[in-house]
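For reference, the structure is listed below as structure tokens.
The values are calculated or read from the model by the stated rules, or taken from the named source; none is laboratory data. Bear in mind that the values here come from a model prediction, so they are computed numbers and not experimental data. Cβ placement follows ideal geometry from the backbone for every residue including glycine, while neighbour counts extend to all protein chains displayed.
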Amino acid sequence: MVSRVIPVDPFDLVIFGSTGDLAQRKILPALFRRFCAGQWPEEVQIIGAARAAYDPEGFRGIVAESLRSHAPAQCQDIGSLNAFLQRVDYVSLDALTDEGWDQLAERLTVDRVRGFYFSVGPRLFGPLAERIKSHDLATLHTRIVVEKPFGHDLESARALNATLAAHFSEGQIYRIDHYLGKETVQNLMAVRFGNMLFEPLWNSQYVDHIQITVAESVGIAGREEYYDRAGAMRDMMQNHLMQLLCLIAMEPPAKFDPDAVRDEKLKVIRALDPVEPHHIVRGQFEGGANGPGYREVVGNPRSTTESYVALRAHVSNWRWAGTPFYLRTGKRLVARSSVINVMFKDAPHSIFGADAGRHANVLSIRLQPNEGITLKVTIKEPGQGGMRLVDVPLDMSFAEALGSESQDPPDAYERLVMDVIRGNQTLFMRGDEVEAAWAWTDPIIAGWQARGDVPKPYESGSTGPGDAELLMKRDGRRWQGINP
Ligand code: BG6
């Protein structure tokens, strides 16, 4: 497969929080990969900005170090690395004072796309936006990129939106949910809207239910403070899983353009029913062979924050009335596995008799690892013995079907950062979308607080609390396995 790289014009990208984990582990390696792919020209400037008092050379040393560990093998040659580093500069500045801002202003180029990446905690979003404006750094071609968490609840998300809106138009604000940049997530739209095969069946008449699983084997080490305030509901469900649900459930947009897509996603969120308390299971991992339990990790023996959540959601509209969506996500589970399973209904009548058993088609969209799509179909078991039916997968592993490039799919940040430069907001969340997601999430969390809900313990390395199985069992269903 030949990859098409569409070069972009020269741009300046300022990364606030450039010495932090996200910048070093994701943003800079993503830029480096795009540089190696030949997507951007020599004149580009990447300007790291943070409080730390490095000179540009010192900063380049840190970047080189992290690129060595986080960039892929094909861009590890010293020539590429040095050429990239020549594009990297650094300014030491303070978001809360005027210190360093004049130096930043001097570095910026007139008349080109200017991106400001806020890879910092949300409390600095407002001050940064203000200073960009008061130092006259915002031009017509300026875009700001805002990382999650975008608020802690509806009220704080509204306040953040208002702060940013005081300085920038919605068309300049890029709210990142990195799940939208994942290759298979984009493929979900290609599969749904690029094929005739699925869309006619994509509704409650044919789909029994949908399962969305984002399982992680990692814990929360290094982010204890943030996580204990957030929990799985805020950290994963309100954004990543909700976005996946939107893409699965939305109506076909008239075109693949930012507002058309985001309007349809917003309608899905607004059509979500409130979740009944008995349709939610919260869990917290216990200690085991692979490490200490949640409470020990966060250093709070009474923490009631959930590291796992499973719930049953309903999208109340014509397409989905009667088809539940089961969503689950958790830390320290048996494997890292993100998959969406569209579980079709049984055939209405079995001509093969009761002995043939029940068979239903399942469309599995694997986000990670082993990106691909599988459709389980029922066939006759080969050989003698009458009409015995068996379910077999029609498997399209992207790596096998599309060759070497898809074995190493681009990281979500590569796509998203380049979309910022290209000025394409399709894969970014609009302010009203984020607020609607919080409006759905807030009452769930408020309910837990009011009831003094305590999460169910689950064994580290398991599939989560037993109650999550019951959530399905009560409905006569069961989760598909969590397979790496
Ligand atoms: C982040 C969450 O947004 O997504 C983390 O804050 C989580 O808790 C991560 O681990 C998962 O991302 P990915 O791309 O590894 O599935």
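Could you list, ordered by first residue, the pairs with Cβ atoms under 9 Å in which the first is in region 281-300 and without any contact (Cβ under 8 Å) to a residue 40 or more places away in the chain and the second is of a type in the set (K, R), at least 6 apart or interchain?
That search, which allows pairs on different chains as well, returns R295/R302.
Report those strands (runs of 3 or more DSSP E) wholly inside region 119-238 carrying at least 1 residues which are over 24 Å from the mean Cα position of the chain (by Cα) and in contact (Cβ under 8 Å) with a residue 24 or more places away in the chain.
142-146, 207-215
A quick yes/no check of all residues on (1) outside any loop (DSSP other than H, G, I, E, B); (2) within 13 Å of the ligand (Cβ to nearest atom); (3) touching a Ser or Thr at 6+ places or on another chain (Cβ under 6 Å); (4) of a type in the set (A, V, I, L, M):
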{"position": "H278", "(1), (2), (3), (4)": "yes, no, no, no"}
{"position": "N300", "(1), (2), (3), (4)": "no, no, no, no"}
{"position": "E306", "(1), (2), (3), (4)": "no, yes, no, no"}
{"position": "R312", "(1), (2), (3), (4)": "yes, no, no, no"}
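Regarding Y206, is this residue out of contact with any Gly (no Cβ under 6 Å at 6 or more places or on another chain) and within 13 Å of the ligand (Cβ to nearest atom)?
On the way: out of contact with any Gly (no Cβ under 6 Å at 6 or more places or on another chain): yes; within 13 Å of the ligand (Cβ to nearest atom): no.
Here the answer is no, as Y206 does not meet what is asked.
Name the residues in region 360-369 that are surrounded by fewer than 17 Cβ atoms within 10 Å (Cβ to Cβ) and either away from the ligand (no atom under 16 Å from the Cβ) or modelled with pLDDT under 85 (or both), would you?
Scanning region 360-369 gives a single hit, A360.
Output the number of the condition that E435 fails; it satisfies all remaining conditions of (1) farther than 30 Å from I46 by Cα; (2) in contact with a strand residue (DSSP E or B) (Cβ under 8 Å, 6 or more places away or on another chain).
(2)
It is to be established whether one or more residues within region 141-158 are hydroxyl-bearing (S, T, Y), modelled with pLDDT of 95 or more, surrounded by 15 or more Cβ atoms within 10 Å (Cβ to Cβ) and more than 14 Å from the ligand (Cβ to nearest atom). First the steps, then the outcome.
Here is the first cut: in region 141-158, the residues hydroxyl-bearing (S, T, Y) are 142, 156.
Going one step further and asking which of them are modelled with pLDDT of 95 or more, we end up with 142, 156.
Okay, now just the ones that are also surrounded by 15 or more Cβ atoms within 10 Å (Cβ to Cβ), so 142.
After this cut, where a residue has to be more than 14 Å from the ligand (Cβ to nearest atom) as well, the list is 142.
Yes - at least one qualifying residue is present in region 141-158.
Can we say S307 is more than 29 Å from V191 (Cβ to Cβ), surrounded by fewer than 23 Cβ atoms within 10 Å (Cβ to Cβ) and touching a helix residue (DSSP H, G or I) at 6+ places or on another chain (Cβ under 6 Å)?
no
If I filter region 397-415 down to residues being surrounded by 14 or more Cβ atoms within 10 Å (Cβ to Cβ) and either aromatic (F, W, Y) or away from the ligand (no atom under 16 Å from the Cβ) (or both), which single residue comes out as modelled with the highest pLDDT?
Of the residues in region 397-415, the ones surrounded by 14 or more Cβ atoms within 10 Å (Cβ to Cβ) are 397-399, 402, 406, 409-415.
When the remaining residues are screened for being either aromatic (F, W, Y) or away from the ligand (no atom under 16 Å from the Cβ) (or both), the result is 397-399, 402, 406, 413.
Numbers: S397: 70, F398: 65, A399: 65, L402: 68, S406: 57, Y413: 96.
Selected residue: Y413.
Return the residues of region 1-52 that are under 18 Å from P72 (Cβ atoms), at pLDDT 95 or above and of a type in the set (V, I, T); say none if nothing qualifies.
Selection gives I27 alone.
Out of contact with any strand residue (DSSP E or B) (no Cβ under 8 Å at 6 or more places or on another chain) and modelled with pLDDT of 95 or more, is that true of R430?
No: the conditions fail for R430.
What number of residues within region 53-62 satisfy the criterion of being touching a helix residue (DSSP H, G or I) at 6+ places or on another chain (Cβ under 8 Å) and either among the acidic types (D, E) or under 10 Å from F32 (Cα atoms) (or both)?
Summing the residues that are touching a helix residue (DSSP H, G or I) at 6+ places or on another chain (Cβ under 8 Å) and either among the acidic types (D, E) or under 10 Å from F32 (Cα atoms) (or both) in region 53-62 gives 0.
If V218 satisfies all but one of (1) at negative phi; (2) more than 16 Å from the ligand (Cβ to nearest atom), what's the number of the condition it fails?
Status for V218: all satisfied but (2).
Can you tell me which condition Q211 does not meet? The list is (1) closer than 30 Å to N290 by Cα; (2) within 16 Å of the ligand (Cβ to nearest atom), and all the others hold.
(2)
If I filter region 324-353 down to residues being touching a helix residue (DSSP H, G or I) at 6+ places or on another chain (Cβ under 9 Å) and in a loop (DSSP other than H, G, I, E, B), which single residue comes out as farthest from the ligand (Cβ to nearest atom)?
Ranking the qualifying residues of region 324-353, first place goes to S350.
Please count how many residues of region 222-236 are away from the ligand (no atom under 11 Å from the Cβ) and aliphatic (A, V, I, L, M).
Residues of region 222-236 that are away from the ligand (no atom under 11 Å from the Cβ), as a first pass: 224-225, 228-229, 233.
Cutting the leftovers down to aliphatic (A, V, I, L, M) gives us 233.
Qualifying residue count for the region: 1.
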